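Laboratory data are not the source of any read-out in this text; all were calculated from the coordinates shown. Note that the structure is predicted; figures quoted are calculated from it, not measured. When we count neighbours, we look across all protein chains shown, and the Cβ atoms used for this are built from the backbone with ideal geometry, even at glycine.
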Amino acid sequence: MILQTHTEEQIWDYLKEVTDPEIPVLNIVEMGIARKVEIDSDQVLVKITPTYSGCPAMNAIEKLVNEKLEERGVQDFKVKLDFAETWTTDWMTEEAKGKLKDYGIAPPEKTEEEGDFLKSLSGTKVIPCPFCESFDTKLVSQFGSTACKSQYFCDNCDQPFEHFKCI
Amino acid sequence: MSTATKELTTKEAFLKYILRLADDRLILGQRNAEWCGHGPQLEEDLALANISLDLIGHATALYEYAAEIEDEGHDEDYFAYFRDDRDFTNLQLCELPKGDFGFTIARQFLFSAFSYFQYEKLKEADDEQFSGMINKHLKEIKYHLRHSREWVLRLGDGTEESHERIQESFDELWMYLGELFYMDEVDELMIKEGIGIDSSTFKDDVKKLIDDTLIEATLNVPDWDQFMMSGSRKGIHTEHLGHLLAQMQFLRRSHPKAEWK
């Protein structure tokens, strides 16, 4: 029998050392990707959830979590993908949103209320520029360099920037 | 020999139900992926590749669940690569060649408009794993709908050339819309189980969104009562599916045991 010498708190700390390969300024805990840590008798179970269903970074993240736990000497652990809860950008911490902005990506706003979607089809939300805070920006494309971002352009400081889509 | 039709079990119906949803997404995802590197502009190249990635992601999750329900040791790759055209139950709408950019956009808009209302109903399904997936995919469908709808408006209300071409695309695609609302014994059994949905309950919503968008785009709305194609949910397809599958499946079939390392 292996005695689990790592506490739940420690496991969370290890997970904080794993960063998102697409957005290296954020770790998977503040992203809301790492959902649960359960220590059952001796086994550690870590549940992670994908952001976008087609996100190619998910396999990489799963691998990185496995490597991190191994590196930290966690003996008996399992990393499981959990689909029961649907990931939303609302799970991102305020701190994470601040880091995104400093990194040059406009952070996601709060997700829209149910039922507003069809009405909102015609309008586009105004996203402030992460560099100069100007609202004089325009949407270039709903889709950007990764599944989770859209492309904008700031007419005030003449900079293209990305916006983390809110889902 | 008994003449009675073999009764459909709940398990069989659920499997078919999920495969229909998954096949739609895999085949349309494959079609849209043909634009990768060929988009009319960089942003649209990325957009179509992103939509493809989402659709194939949705299909993968559904196939994984189908494999679990079927319980015969298959995986998602089996459903994608080792079934033949008659086994695929995707809408004919999804398999049509990509055409020009307007055709791809028109098709994506029609599919997304339908999927949006379909998933809004399906997310209430009485099966936690299934409804969890549907909820997740729905968020992405909203982006697809917003994107393709904006392009319909831009192309329809754009130049004479773009107007004419997207109008032709809608005219050509129209006869494939009847199948969106097709229902049979699979749907009936699934509705009884609290999982399936009755497409007649949201048919008017789908039509209204499509009609309103076309009108806003200064396009003519073709006749909803015209001749409509049928058969795809039973494996009857256009000649295009076989060619698509040949391209998509050949590598996997040539190296059936190959693994990514």
For A:LYS138, B:LYS136, A:LYS165, which order do you get if you count the other beta carbons within 10 Å of each Cβ and list the fewest first?
A:LYS138, A:LYS165, B:LYS136
If you build a Gaussian network model of chain A, linking Cα atoms that sit under 10 Å apart, which residue out of A:THR137, A:THR19, A:THR111 swings the most?
A:THR111
Using modelled amide H (1.01 Å from N, peptide plane; none on Pro or chain starts), what sits under 5 Å from the amide H of A:GLN159, excluding residues fewer than 5 places away?
A:CYS154
Toy charge model, Lys and Arg Cβ at +1, Asp and Glu Cβ at -1: the protein assembly as shown dipole around Cα centroid in debye, rounded to 20, equals 480
Farthest positive-ward along the range B:10-253 dipole, Cα basis, beta-carbon charges - from B:SER232, B:TYR176, B:LEU138:
B:LEU138
Report the residue, chosen from B:LEU42, B:LEU219, B:LEU189, that carries the largest GNM mean-square fluctuation when chain B is represented by alpha-carbon nodes joined by springs under 10 Å.
B:LEU42
Treating only the Cβ of Lys, Arg, Asp and Glu as charged (+1, +1, -1, -1), what charge dipole size does the range A:86-166 show about its Cα centre? Round to the nearest 20 debye.
220
Taking the 0 to 90 degree range and rounding to the nearest ten, how far is the long axis of helix B:160-173 tilted relative to the main principal axis of chain B, both from C-alpha atoms?
30
Over chain A, what is the relative contact order in whole percent, taking alpha-carbon pairs under 8 Å and six or more residues apart?
19
So how tilted is helix B:42-70 from the main axis of chain B? Cα-based, degrees 0 to 90, rounded to 10.
20
Report P(r) for the protein assembly as shown: all Cα-Cα distances, bin width 20 Å, range 0 to the bin holding the largest distance, values in whole percent.
23, 55, 20, 1
Please report B:TYR119, B:TYR182 as a ranked list, fewest other C-beta atoms within 10 angstrom at the top and most at the bottom.
B:TYR182, B:TYR119
Mind listing the long-range amide H neighbours of A:VAL140? Cut-off is under 5 Å, sequence gap 5 or more, other chains count too, H placed in the peptide plane at 1.01 Å from N.
A:GLN151, A:TYR152, A:PHE153
Peptide A:133-142 - average C-beta neighbours from other chains (10 Å radius)
2
When chain B is treated as a GNM, springs tying every alpha-carbon pair under 10 Å, which of B:LYS123, B:LYS192, B:LYS142 comes out with the largest mean-square fluctuation?
B:LYS192
Of the residues B:GLY158, B:ALA33, B:ILE191, the Cα lying farthest along the dipole of the range B:10-253 towards its positive end, which is defined by charges on the beta carbon of Lys, Arg, Asp and Glu, belongs to B:ALA33
If you count, for every residue in B:51-63, the Cβ atoms of partner chains within 10 Å of its Cβ, what is the mean?
3
Any idea what the alpha-carbon Rg over 2.2 N^0.38 Å comes to for chain B?
1.01
Most exposed to least, judged by fewest other Cβ atoms within 10 Å, B:THR159, A:THR93, B:THR213 sort to B:THR159, A:THR93, B:THR213
Taking the Cα atoms only, what angle lies between the long axis of helix B:128-156 and the longest principal axis of chain B, rounded to 10 degrees?
20
Taking the Cα centre of the range B:10-253 as the origin and placing charges on Cβ (Lys, Arg +1; Asp, Glu -1), which of B:ASN90, B:PHE117, B:LEU245 is farthest toward the positive end of the dipole?
B:LEU245
Do the sum for the protein assembly as shown: with -39,500 (n - 2.57) for every DSSP H run of n ≥ 4, divided by all residues, what is the mean residue ellipticity at 222 nm, to the nearest 500 deg cm²/dmol?
-15000 deg cm²/dmol
